[in-house]
Every structure is written in C-alpha cells, then in structure tokens.
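The values are calculated or read from the model by the stated rules, or taken from the named source; none is laboratory data. Predicted model only: the values in this text are computed from it and were never measured. As a convention, Cβ positions derive from the backbone with ideal geometry for all residues, glycine included, and neighbour counts pool all protein chains shown.
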Amino acid sequence: MENLQENKQEGKNPKKAKNAGKWTVLFIGDKGKIIPVTGFKGITIAAALMLLVSLSVAVYFYIFYQREREKNEILRSELSNKQEQVIALRDKRDMILARLIAAESRIADGFNGKGFNEMSGGKATGNVPYEFKSNGADLAPKEGPENPESCGYIVIKAFGIFNNPETGGWTAQFKLINNRVNFQPVSGYAFVILKPDEIDPGKWCTVPSTDLVMGKPPLIQRGYHFSVARYKTLKLESQADADLKEFVNASVVVYAETGELLIEKNFALHLS
C-alpha cells in the first residue's frame, strides 16, 4: 500500500511540473460548454513585445520630429533675419541713390545751367551762385600754346548750338577728342562764349555763366568740368532766354585742371 501511494505521488509530480509553466484560458459558453485556450502566455508576451516595439518606434519618430522641428524653426528665424537685412539694405540703397541723385542734380545745376547768364538789355549780368574750388584755391587761366586753335592733343569737332524748348534756354554741344599717347585721360574745364561782335565783351554770353576779363573767364573752376579718355560729347546747357540769331561767332575755350589753356577754337554761326 505504501508503495502504491508513493507511485501515485511520483506519477502526479511530473505532470504538475510539466504544466506549471503553461497558462490556460477557459471560455464558458451559454450552454455551459468549456472552451480552453492554450498558449495564452506566449500570446501575452508577443503582444507585450509588439507594444514595446511600437512605443520605441513612436518615441524614435517623436524625437526625430522634434529635432527636425527645431531645425526648421532655426531656418525660419535665419530666413526672417536675412529678409530684414535685405529690407534694411534696400532702404539704405534707396537712401544712397536719393542722395546721389540730389548731388548729381546740384552738380548739374552748378555746371550745366543754373545761374547762367540772364540776358538783360543784351548784357551778361555775371550772376554765379556757385564758385568751384580746386585744392582750396581759385585757379586763374595760364598761358597756353601760341596758336590755341592747334593744340597738339585736344581737338574740338562737331560744334552746334540750338534752342531748348523744354527749359526755354539753349544748348551748346561739341565733341572733345583726346589724341594723347595711350589715351591718357585729360580733365579740365570748358566754356562756350557767344559773340554778337568782337568789340564789346559786355554783350557776350557765356555758358557756364561767368564774368569775363579781357574776353576770358577769370576763374576756370566756374566752367563745365569734364574728363575724357578718347572722345566725349559735351553738352553745355543754359537757362538764359537769349535770341541766338543775334550771335555771329562762338568760341570754345578749354582749360586743364592746372589752369593751362589747352585750346580755344572759334566757330562762325549761321543761325536763321
């Protein structure tokens, strides 16, 4: 009897040890039928692993998204700063252009017409609102070549004069040619003098406006400033209301910036 009990106990123990690691889920139907589901432990572990992997992937994508979002915010901030810089530079450029245009306008007024001779009884008044300096001192004309119409390297061609209906004044135009070796630039000042006769300089009209001393401008800086490398067409504009038919001769006088007379050329006018 004792041996039989021991055998029964020995037979039951292995079965209990074999089923100890298994989970079984029992479903009971409406009619009391029991449906066992084996392998529930494996299913639970697999579901937990899938959930863990899903959470890991979600965390990874969240971290990746946050990094990309920070990069995007940084790029947007840099773009905004660059756009502000562009706007500031554009405003600065517009301001510089406005100043440049204003400066060019003042220079053009000083050199090309504003303050030129206003005809009064056929005499030049000599009102000059601008006086141009060079190195802090006014330059008087210096002696030039013996024959000023045959300067060695400066040539004047295509002289013409015509009325300017837009301003009510007139314009003198000519081509200045530089025949220097290697076309070294020449800078200086130019005047055009209209003459109804060769006797009375008081009736002469100059552009740019200036008084005349012995038929010549006393200060060359009041002339039209130019710089020419090969050739250049100069237009000297006057706002003076003058009857061009009264003038029979015109002189183009060109000085270097040092005050040296480069060329003086006379032209006969045939205006009708």
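Criterion first (part of a loop (DSSP other than H, G, I, E, B) and either buried (at least 16 other Cβ atoms within 10 Å of the Cβ) or among the hydroxyl-bearing types (S, T, Y) (or both)) does T171 satisfy it?
no
Across segment 179-204, which residue is farthest from V155 (Cα to Cα) among those that are among the hydrophobic types (A, V, I, L, M, F, W, C) and either touching a helix residue (DSSP H, G or I) at 6+ places or on another chain (Cβ under 6 Å) or surrounded by fewer than 18 Cβ atoms within 10 Å (Cβ to Cβ) (or both)? Walk me through how you get there before you give the answer.
Keep residues of segment 179-204 that are among the hydrophobic types (A, V, I, L, M, F, W, C), which gives 181, 183, 186, 190-194, 199, 204.
Applying the additional criterion that residues be either touching a helix residue (DSSP H, G or I) at 6+ places or on another chain (Cβ under 6 Å) or surrounded by fewer than 18 Cβ atoms within 10 Å (Cβ to Cβ) (or both) yields 181, 183, 199.
Details: V181: 14, F183: 13, I199: 27 Å.
The extreme case among them is I199.
Yes or no: V253 of a type outside the set (D, E, K, R) and closer than 20 Å to I154 by Cα?
yes
Within segment 196-226, count every residue that is under 45 Å from the mean Cα position of the chain (by Cα) and in a helix (DSSP H, G or I). So the count comes out to 3.
Listed by first and then second residue, the pairs with beta-carbon distance under 8 Å, at least 6 apart or on different chains, first residue in segment 149-176 and farther than 13 Å from L244 by Cβ and of a type in the set (F, W, Y), second at pLDDT 80 or above and in a loop (DSSP other than H, G, I, E, B), are Y153/N179; Y153/R180.
Looking at segment 59-69, can you tell me whether even one residue there is among the hydrophobic types (A, V, I, L, M, F, W, C), assigned to a helix (DSSP H, G or I) and in contact with a Ser or Thr (Cβ under 9 Å, 6 or more places away or on another chain)? It would help to see each step written out before you state the result.
Within segment 59-69, the first condition is being among the hydrophobic types (A, V, I, L, M, F, W, C), and the residues that meet it are 59, 61, 63-64.
Now narrow it down to the ones that are assigned to a helix (DSSP H, G or I): 59, 61, 63-64.
Imposing the further condition that a residue be in contact with a Ser or Thr (Cβ under 9 Å, 6 or more places away or on another chain) reduces the set to none.
There is no residue in segment 59-69 that is among the hydrophobic types (A, V, I, L, M, F, W, C), assigned to a helix (DSSP H, G or I) and in contact with a Ser or Thr (Cβ under 9 Å, 6 or more places away or on another chain).
Among the residues of segment 141-155, are any at pLDDT below 55, in contact with a strand residue (DSSP E or B) (Cβ under 6 Å, 6 or more places away or on another chain) and part of a helix (DSSP H, G or I)? Yes, some residue in segment 141-155 is at pLDDT below 55, in contact with a strand residue (DSSP E or B) (Cβ under 6 Å, 6 or more places away or on another chain) and part of a helix (DSSP H, G or I).
For segment 205-217, taking the residues that are out of contact with any Ser or Thr (no Cβ under 7 Å at 6 or more places or on another chain) and surrounded by 14 or more Cβ atoms within 10 Å (Cβ to Cβ), the one that is nearest to L261 (Cα to Cα) is identified as K216. Does segment 236-253 include one or more residues that are touching a strand residue (DSSP E or B) at 6+ places or on another chain (Cβ under 9 Å), β-branched (V, I, T) and within 16 Å of F174 (Cβ to Cβ)? Checking segment 236-253: at least one residue is touching a strand residue (DSSP E or B) at 6+ places or on another chain (Cβ under 9 Å), β-branched (V, I, T) and within 16 Å of F174 (Cβ to Cβ). Restricting R69, R90 to those that are within 29 Å of the chain's Cα centre (by Cα) and either at pLDDT below 65 or surrounded by 10 or more Cβ atoms within 10 Å (Cβ to Cβ) (or both) reduces the list to R90.
Identify all residues within segment 227-259 that are part of a strand (DSSP E or B), under 39 Å from the mean Cα position of the chain (by Cα) and surrounded by 16 or more Cβ atoms within 10 Å (Cβ to Cβ); write none if there are none.
Narrowing segment 227-259 to residues part of a strand (DSSP E or B): 227-228, 231-238, 249-256.
Now narrow it down to the ones that are under 39 Å from the mean Cα position of the chain (by Cα): 227-228, 231-238, 252-256.
Correct list: V228, L234, L236, E237, S238, V252, V253, V254, Y255, A256.
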